[in-house]
Structure formats: C-alpha cells, structure tokens
Amino acid sequence: MSAAKPSSHDIDSARGSIEALNRKLIEGVVGPLDLDSGFGMPEMLKSLTAGLAQDTGSWLEIQNRYYRRRLELWAAYASHRPEAPAQPMIEPDPADRRFRAPEWKAQPYFEYVAQSYLLAGEWLREVVDNTKLEPHTKKKLEFFTRQFIDAMSPANYPWTNPEALKLAAETGDESLIRGMRNLAADLEKGMISMTDETAFEVGRNLAITPGAVVYENDFMQLIQYRPSTAAVFERPLVMVPPCINKYYILDLQQENSFVRYAVERGHTVFMVSWRNMPPAMGRATWDAYLERGVVQALTVALEVCGADKLNALGFCVGGTLLGAALAVLRAKGDERVTSLTLLATMLDFSDTGELSVFVDEAYVRKREQDFADGGVLHGRELALTFASLRANDLIWHYVVNNYLKGRTPEPFDLLYWNGDSTNLPGAMYAYYVRNTYLENSLRVPGKLTMLGVPVDLGRIDMPAYVLATREDHIVPWRTAFSSTHLLGGRIEFVLSASGHIAGVVNPASKNRRNFWLNAKLEQDPDRWLAAATSQPGSWWKHWGDWLAAFGGREVPARSHMGSARHREIEPAPGRYVKEKCG
C-alpha cells in the first residue's frame with residue numbers, strides 16, 4: 001500500500017521544527033568545516049576572482065554556457081506535462097546516493113531543485129578548474145569548492161528534501177522531534193554520530209583479545225596478549241598503532257581482529273595503547289613519544305620474553321614513529337629489531353593527498369603559536385578534518401539520516417572506532433606537521449636530530465613488509481610506495497584493495513577483496529603496478545607467511561603474562577583506551 005501524500009496542513013505544522021533544525025544544522029555542521037586553516041571562504045573568493053581576471057574569455061564562455069543550460073532547464077520544467085516528464089539534463093554520479101529515492105522524481109519541483117543544484121555544482125567546478133593559480137592554492141580552492149558544493153546540496157536541508165518532508169508528515173512530526181534530539185546530543189559531544197554507539201563497548205565486544213597490561217607510563221600502556229597456541233615463536237611482535245586514534249582498530253571483534261590473527265599464528269604480541277593526553281601533557285614532545293613510547297615498548301617486550309631480538313609493526317603515524325625510532329636505534333648500533341612491517345604509513349611526505357590543503361606555513365605557524373604554552377589538539381578537530389575528505393559519505397549522509405529523518409545509524413564497529421578520537425600534545429603535533437607534512441624533512445638523511453642523533457632512514461636495514469591501500473585518501477598508495485626508496489633493507493611491497501582502514505582490516509577468514517604483488521621494485525609506482533599480479537582475498541596470510549621467517553625457533557607458550565620485573569597491572573584492554581576526549 002502506498003504511503004499517504006503529505007497534506008499542506010501536515011507540512012505547515014512542521015514549519016517551526018524544521019526551521020529550528022535548519023538553523024542548528026548550519027551552525028553545528030557547516031561552521032566547523034572552516035577549521036581555521038588560514039584559507040577560509042573570503043580568501044577562496046579572492047583567489048577565484050584573481051584567477052578569473054587572467055582569462056576573461058574563458059570565464060565568459062563558461063558563464064554563457066551556464067546561463068543557456070539554466071534557461072533550458074527552466075523551460076523544460078515550466079512546460080512540464082505529466083504524460084511526458086522532462087528528461088534529466090544532468091545524471092548524478094552512479095555512486096551518488098543523494099537523489100536515488102523516488103520522492104525526488106514524484107514532483108517536478110523537487111526534480112528541478114536537484115537538477116538545478118547539479119548544474120550549479122558543475123558550473124562552479126568548471127570555473128575553478130579553468131582558474132589559473134599556483135598549484136597549491138588551486139588545490140586548496142578545489143577542495144573548499146567541493147566542501148561548499150557538498151554542503152549546499154538540497155538533500156541536506158529540510159524544506160528541499162522531499163524524503164524528509166514526507167517522513168515528517170507521515171509520522172506527525174515525530175521524525176523531526178527525534179532529529180532535534182539527535183542533533184542536540186551530537187552538538188553536546190561535538191561529533192556527528194555515524195553508528196549506534198550503544199551497540200559497542202571497549203572491553204565487552206571490542207578489544208576483547210585476552211591479555212594484560214604489563215607496563216605503563218605517562219605516554220602509553222603496553223599490552224601483552226595471551227597465547228592461543230601450545231608453542232610460540234621466541235621473538236615477540238610489537239605493534240605501534242597511530243597515536244591519533246585508539247589502538248583497537250587492530251583488535252575490533254573476534255572475527256576481524258588483526259591481533260587475534262597474529263596470536264593464532266604463534267606470535268607473542270605486544271600492543272602500544274597510547275594515552276589520550278590530558279592538558280597537563282600538552283608540552284610532551286615528538287622525542288618523548290619515541291623514547292617513552294616506541295623504544296620503551298620494544299625494551300619491555302624483550303625483557304618480558306627474555307629474547308634478544310623482536311619484530312615490529314607500525315600503522316599510519318604509528319609507522320612514522322616506529323620508522324624514526326628504528327633510525328635512531330640503528331644509528332646507536334642497536335639491532336634488536338629483526339623485521340619491520342609498515343601498514344599505510346608515510347615516511348616520505350612529498351604527496352599527502354588532500355590533507356595537504358590543511359597544511360601550509362600560515363597554518364603551522366599558527367598551531368605553533370597556539371601551543372607555545374602547552375595545550376592539546378582535541379581529537380574532534382582531527383576527526384572532522386578526516387571526515388571532510390569524504391564529506392558526502394562521512395558528514396552529510398549522517399546529517400540527513402540522523403537529523404532530517406530522525407533515525408539512528410546502523411551499528412558498525414569501524415565507525416564506532418572512528419568516532420572514538422584522542423587528544424594529542426600540542427607541542428608534539430606542531431613538530432610533526434612542520435617536519436613531515438610541511439617541510440618533508442624526515443626523508444632527508446641527517447636533516448632531523450631525534451634523541452640526540454641524526455636521523456637517516458637508510459640505516460633501517462632489516463627486511464621490511466610495506467603495505468599500502470589503493471583507495472587510501474589519507475596515505476596515498478604512491479606515497480607509501482616511496483618508503484621502498486628510503487629504507488635500506490630487503491623490501492616486500494604489497495598493495496591492498498580498498499582504503500586506509502578497510503584495506504588493512506580485511507580478515508583472512510572472509511577472503512574478500514584482493515591485493516597486488518610484484519617482487520621487482522620500480523622507481524615508478526605505476527610501472528610496478530602495471531607488472532604486478534592480483535591475488536584474491538586478504539593480504540593477512542601472505543604477511544603471516546612472510547613474518548614467520550623472522551620469528552626464530554618455536555618455544556613453549558608461557559602460562560603467565562609479564563615477568564618478575566613487569567608484572568600484570570590490569571587485564572586488557574586497560575584503562576588508557578577507555579579514556580574519552582574531554
């Protein structure tokens with residue numbers, strides 16, 4: 001049975017709620033996208049105007065074509081006949097879910113609104129594309145233009161979203177009331193809800209691989225996981241996750257836990273659980289993260305296992321920290337690490353993708369001033385930055401679903417983790433963005449000094465497994481490939497399908513997606529890929545077989561966690577991972 005058509009009375013009765021909701025949407029969602037980057041809307045318009053002034057001929061041609069198409073669009077709908085509906089002038093991208101619902105075509109008005117929006121977006125993109133600007137400024141202009149176009153979609157606002165209007169009428173405004181409650185709750189916590197957060201709890205159904213915290217300091221807790229095999233490799237495996245997120249991306253649920261997979265392969269796994277930094281730790285430095293985080297974790301793992309060597313793994317910025325720490329250790333003659341795994345990691349920051357639009361001299365100088373006297377970078381700021389790279393999927397989809405339609409998002413462990421952000425010390429963050437994203441100094445031998453020694457990534461001469469993900473919007477795969485030219489050892493480069501998270505968290509048991517292999521490392525990553533062979537399923541088993549060669553001999557599994565010096569402090573997952581951003 002078809003749903004009842006909304007009456008004028010139903011729509012009028014929703015007016016007050018919708019208008020209030022619309023104001024809150026603009027204030028609570030559009031406002032934070034500025035991110036105080038030093039390149040907001042006024043600067044964007046100035047750059048656009050200056051660029052257009054260099055080629056008025058192209059500008060007039062684009063404008064005339066736009067006006068002509070808009071008149072054609074208006075004429076098509078002004079002469080609309082029910083028996084002969086107008087053909088769309090612009091077809092949305094097949095991946096664009098915003099205008100798929102039948103409500104967008106049930107009435108010519110809403111179809112016209114959608115077509116008018118798509119036409120205007122196409123015009124603005126063409127204007128920006130033809131603007132003559134220096135490359136970095138143009139890249140920023142293109143990014144902020146896309147943000148503006150995405151934000152202005154009629155699907156995002158109650159009076160121009162027929163799906164929301166129809167639902168409001170059918171529920172007697174109940175959907176709007178639920179949406180207002182959802183919005184109020186999200187504004188209070190400072191984040192858009194992307195999943196049903198009541199469905200998950202760290203330690204209950206996330207981060208549940210058995211283990212214990214065997215060491216802690218002001219920077220991290222170190223978790224040792226309980227063996228699940230009768231025999232284990234003598235050399236432990238230490239994992240260094242990103243410090244801008246919680247570690248349990250590598251230990252989600254039982255069926256997709258990378259930690260559990262490594263344990264089941266016979267490895268004694270240790271995990272660094274970074275602290276969610278309080279304001280009092282705002283002066284903590286990059287060097288302190290190396291010394292009291294990475295190096296201390298390696299030291300404790302060796303002491304607990306009584307081994308002389310170990311294997312190390314880093315993910316994202318955790319891999320950057322691990323790479324820097326290993327360069328320091330190698331410079332000091334320390335050869336305790338026998339193999340290195342880097343997952344979606346940048347050591348060379350020549351091309352950081354769209355994240356580069358946020359980092360320039362003005363931005364970095366401002367953050368250095370902001371944190372000159374301490375303070376922390378709030379995790380919500382970084383989370384919104386990453387979400388804005390895919391705004392339609394990670395911001396506006398949830399605006400429409402949660403607020404305009406008053407629905408609760410579906411449970412999804414990856415998105416729960418994505419919203420569980422962490423704070424970083426301001427001093428450490430400012431150092432990181434200047435010396436990597438802005439100046440790309442880590443790749444230059446001897447340019448940076450850490451823990452008192454010059455850093456040369458070429459000293460990292462142990463075998464390395466370098467994984468990149470093909471659709472990664474945070475660590476572009478070609479940038480991750482650059483690590484193969486910086487490290488000094490024998491390298492196995494692997495390219496996984498999908499993106500920054502899904503390409504890494506791809507359980508072997510699911511046998512999904514694929515990955516590419518090519519033993520011959522080229523200077524050009526595209527040439528490497530052209531000659532690579534596609535392998536079905538997850539890369540996990542390939543990595544597991546590779547790592548087994550560096551585990552050493554097998555020894556009986558230990559029946560207890562820790563050691564006489566490093567006793568169990570508390571069960572995994574520990575306190576640090578449960579601390580929320582203030």
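The values are calculated or read from the model by the stated rules, or taken from the named source; none is laboratory data. What you see is a predicted model; the values in this text were computed from it and never measured. Ideal geometry is used to build each Cβ from the backbone, glycine not excepted, and the neighbour counts take in all protein chains shown. Keep in mind that these areas ignore ligands, DNA and RNA; they rest on the heavy atoms of the full protein, side chains included. Shrake-Rupley method; radii C 1.70, N 1.55, O 1.52, S 1.80 Å.
Table for the structure above
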| quantity | calculated |
| --- | --- |
| Nearest-ten-degree value, helix 15-25 long axis tilted from longest Cα axis of the chain | 40 degrees |
| Dipole magnitude of the chain about its Cα centre (Cβ charges: Lys, Arg +1; Asp, Glu -1), debye to nearest 20 | 700 debye |
| About the Cα centre, charge dipole magnitude for the range 214-373 (Lys/Arg +1, Asp/Glu -1 at Cβ), debye | 360 debye |
| In Hz, Karplus ³J(HN,Hα) per residue of the range 464-471 (6.51, -1.76, 1.60; θ = phi - 60°; x = Gly, Pro) | 9, 9, 10, 10, 10, 10, 5, 9 |
| Spatial separation of Cα centroids for the range 153-169 and the range 513-582, in angstrom | 46 Å |
| Fraction of accessible area attributable to carbon and sulfur, the range 436-505 (%, probe 1.4 Å) | 45 percent |
| Translational D in µm²/s for the range 155-313 (Stokes-Einstein at 20 °C, 1.002 mPa s, Kirkwood Rh from C-alpha pairs) | 114 µm²/s |
| Percentage relative contact order, the chain, counting C-alpha pairs under 8 Å, at least six apart | 18 percent |
| Table column - 3J(HN,Hα) (Hz), the range 546-560, Karplus curve with 6.51, -1.76, 1.60, x for Gly and Pro | 5, 5, 4, 5, 10, x, x, 6, 8, 10, x, 5, 6, 8, 10 |
| Residues with amide H under 5 Å from that of residue 269, placed H, sequence gap 5 or more | 225, 237 |
| The range 92-225, accessible surface, carbon-and-sulfur percent (1.4 angstrom probe) | 56 percent |
| On Cα atoms only, tilt of 296-305 relative to the major axis of the chain in degrees | 50 degrees |
| Per residue accessible area of the range 284-343, 1.4 Å probe, in Å² | 23 Å² |
| Cross-link partners of residue 580 among lysines (Cα-Cα below 21 Å; sequence separation of 8 or more within a chain) | 189, 246 |
| Spatially proximal lysines relative to residue 309 (Cα-Cα < 24 Å; intrachain offsets below 8 disregarded) | 332, 541 |
| Sorted peptide list for 514-521, 269-276, 385-392, 215-222, criterion being average Cβ within 10 angstrom, highest first | 269-276, 215-222, 385-392, 514-521 |
| FRET efficiency, residue 96 to residue 563 (Cβ-Cβ, R0 41 Å, nearest 0.05) | 0.15 |
| Nearest-ten-degree value, helix 108-129 long axis tilted from longest Cα axis of the chain | 60 degrees |
| Surface per residue (accessible, 1.4 Å probe) for the range 477-545, Å² | 44 Å² |
| Per-residue HN-Hα couplings for the range 381-397 [Karplus 6.51, -1.76, 1.60; θ = phi - 60°; Hz; x = Gly/Pro] | 5, 5, 4, 5, 4, 5, 5, 5, 5, 9, 4, 4, 7, 10, 10, 6, 4 |
| Qualifying GluC sites (Glu not before Pro) in the range 314-387, DSSP loop, other Cβ atoms within 10 Å at most 16 | 335 |
| Estimated inter-spin distance, residue 69 and residue 553, nm [label 7 Å along Cα→Cβ] | 7.2 nm |
| Amide H within-cut-off set for residue 211, under 5 Å, with H built and near neighbours excluded | 226, 572 |
| Mean projected area in nm² (Cα convex hull; one quarter of hull surface) for the range 436-582 | 13.6 nm² |
| Accessible area in square angstrom per residue, the range 96-243, 1.4 angstrom probe | 40 Å² |
| Contour minus Cα-Cα distance for residue 578 and residue 521 (0.36 nm per residue) | 16.4 nm |
| Under 5 Å, built H, 5+ apart or other chain: amide partners of residue 466 | 342, 492, 493, 494 |
| Alpha-carbon Rg/Rh ratio, for the chain, with Rh computed the Kirkwood way | 1.01 |
| Percent accessible area from carbon and sulfur atoms, the range 530-582, protein chains only, probe 1.4 Å | 53 percent |
| Inter-label distance, nm, simple model (7 Å from Cα along the C-beta direction), residue 449/residue 410 | 5.5 nm |
